[in-house]
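The values are calculated or read from the model by the stated rules, or taken from the named source; none is laboratory data. In this text the structure is predicted, and so the values were computed from the model without any measurement. When we count neighbours, we look across all protein chains shown, and the Cβ atoms used for this are built from the backbone with ideal geometry, even at glycine.
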Amino acid sequence: MNTTLEPFTVSVPEAGHTLAKILRSRLHESLPSWSQVHKLIESRRVTVGDAVCTDLARRLKEGERVAIGKAGRKLPRMATAEGLVIRHLDDQIVVVEKPAGVNSVRHPSELEWSDERRQLSPTLQDLALWAVAYEVKRAPGSMAPLRIVHRLDRETSGLLVFARTSVAERALGLQFKNHTVIRRYLALVAGRMSARTIASFLVRDRGDGRRGSTNLPGVGKQATTHIAVEEHLPDYTLLSCRLETGRTHQIRIHLSEAGKPVCGDKVYSQPLFQPMIPDHSGVPRLALHALELGFAHPATGAAMHWTMPLPPDLGNVLARLRAAKPGTS
């Protein structure tokens, strides 16, 4: 099935309709039957946003971007509970290694989805619950949902903790609020960048619909990122970013506003009302990785600490960039 369709954005009249219905409407000449549309979606060639979507009944929102890949292309593997690495598990918390390409949690509009439908597009919260259920030999449906205390962006890999009880949720939430949780990330940027601390006030709309910093007094939420240099590569710098606060997209925004957007970032590589900053790194996704996580155990108070090496996709990029001659990468 060599069906092709230029990437498109869901229009106002299409909003609220299912993926299958929208594709059939747009592909009615090449795919006149519902079964053909279903086979196309089930082939994992359709992406919504930056994620493969196999859910025929997913209702799309205005502005979402849909694309159909070429037949026979190599698709990213779907994350599975069996492949999820659990770093720590007890009756209060579970710490896991988040792979890139999976949402941390489910959108509020999808919370009532059945387990069957969730399996078509699992979140890390789903995968972690299923993995825990397997470890403790219980049915996932008999277990309480895991509780969210922090998130990682879809394309960010790294360490993440879920609370298993309300006690753990409150205790961890307080640690995040008091900025006592250790969170350190690795980020790759083009060019040379020196160590520094970046502090600003972040708002949801900087003026073009994207998050960013503001100079308006009394507006926004304070955000502070401590940046150190891990390694200077030819034409690139590998940074270590420690969060003092944990605002949405904080590292990505701060590095972008410093003129050094994270390699692979398709959102913040365009400064406010300016041209997009070119990215020649060849990274397969956002080059951001949650390297380190540490906190006091919510029940015992014991110090807990983990690190996670770079996954192969980013490790391979670094190896290539290290070997490149200056000015050629």
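The single condition among (1) outside any strand (DSSP E or B); (2) among the small types (Gly, Ala, Ser); (3) within 16 Å of LEU293 (Cβ to Cβ) that GLY158 does not satisfy is (1). Suppose we keep only residues that are touching a Gly at 6+ places or on another chain (Cβ under 8 Å) and not in a loop (DSSP other than H, G, I, E, B) within segment 203-225. Which one would you say is farthest from HIS249 (Cα to Cα)? For segment 203-225, the residue satisfying everything is THR214.
Considering only residues in segment 163-189 that are in contact with a Pro (Cβ under 9 Å, 6 or more places away or on another chain) and buried (at least 20 other Cβ atoms within 10 Å of the Cβ), the one that is farthest from PRO298 (Cα to Cα) turns out to be VAL189.
Restricting attention to segment 208-245, and to residues there that are of a type in the set (A, V, I, L, M) and more than 17 Å from LEU288 (Cβ to Cβ), which single residue is surrounded by the fewest Cβ atoms within 10 Å (Cβ to Cβ)? Taking the candidates together, the pick is LEU216.
For segment 295-326, the tally of residues that are within 23 Å of the chain's Cα centre (by Cα) and polar (S, T, N, Q) stands at 2. Would you say ILE41 is under 25 Å from the mean Cα position of the chain (by Cα), of a type outside the set (Lys, Arg), buried (at least 17 other Cβ atoms within 10 Å of the Cβ) and modelled with pLDDT of 80 or more? For ILE41, the condition - under 25 Å from the mean Cα position of the chain (by Cα), of a type outside the set (Lys, Arg), buried (at least 17 other Cβ atoms within 10 Å of the Cβ) and modelled with pLDDT of 80 or more - is met. Considering only segment 180-197, state which residues are within 22 Å of MET276 (Cα to Cα) and either in a strand (DSSP E or B) or among the β-branched types (Val, Ile, Thr) (or both). Selection gives ALA187, LEU188, VAL189, ALA190. Hey, any hits in segment 290-297 for a residue that's among the acidic types (Asp, Glu) and either farther than 25 Å from LEU172 by Cβ or assigned to a helix (DSSP H, G or I) (or both)? No, the conditions are met nowhere in segment 290-297. Within segment 157-188, restricting attention to residues that are among the small types (Gly, Ala, Ser) and touching a Leu at 6+ places or on another chain (Cβ under 9 Å), the residue that is farthest from HIS226 (Cα to Cα) is ALA163.
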